[in-house]
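Here's the structure, in structure tokens; my notes come after.
Every number here is computed from the coordinates shown, using simple stated rules; none is lab data. Computed from a predicted model, the values in this text were never measured in an experiment. Please note: Cβ atoms are built from the backbone with ideal geometry, for glycine as well, and neighbour counts cover all protein chains shown.
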Amino acid sequence: MPRIAGIQFEKDSKGNNRYIRIDLKKHRKELEPFLKTIGIDNEDFEKDWERGMTTEACKTVMHKRIAKWYNK
């Protein structure tokens, strides 16, 4: 199988192809019909991504939760 830029096959422990990693920046247009067919709407993903936390904000929240567990 020829190599295609932006697409990588990932193998399982037995060496069989198991997953495909696809660069959405390069192949978004081709994938959108498939993603919509299986119920993944890219617009919803983008909205959720924008509302997501930064790494530092996530660390802060997790430290507060852990502190509550031990300060009971």
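Please work out if I4 is surrounded by 10 or more Cβ atoms within 10 Å (Cβ to Cβ), of a type in the set (V, I, T) and assigned to a loop (DSSP other than H, G, I, E, B). In short, yes. For the residues K64, K26, the requirement of being assigned to a helix (DSSP H, G or I), of a type outside the set (D, E) and surrounded by fewer than 10 Cβ atoms within 10 Å (Cβ to Cβ) singles out K64. Scoring W49 on the criteria (1) surrounded by 11 or more Cβ atoms within 10 Å (Cβ to Cβ); (2) aromatic (F, W, Y); (3) in a helix (DSSP H, G or I) leaves a single failure, condition (1).
Selection of segment 31-45 for residues being closer than 20 Å to G6 by Cα and exposed (fewer than 10 other Cβ atoms within 10 Å of the Cβ) yields P33, F34.
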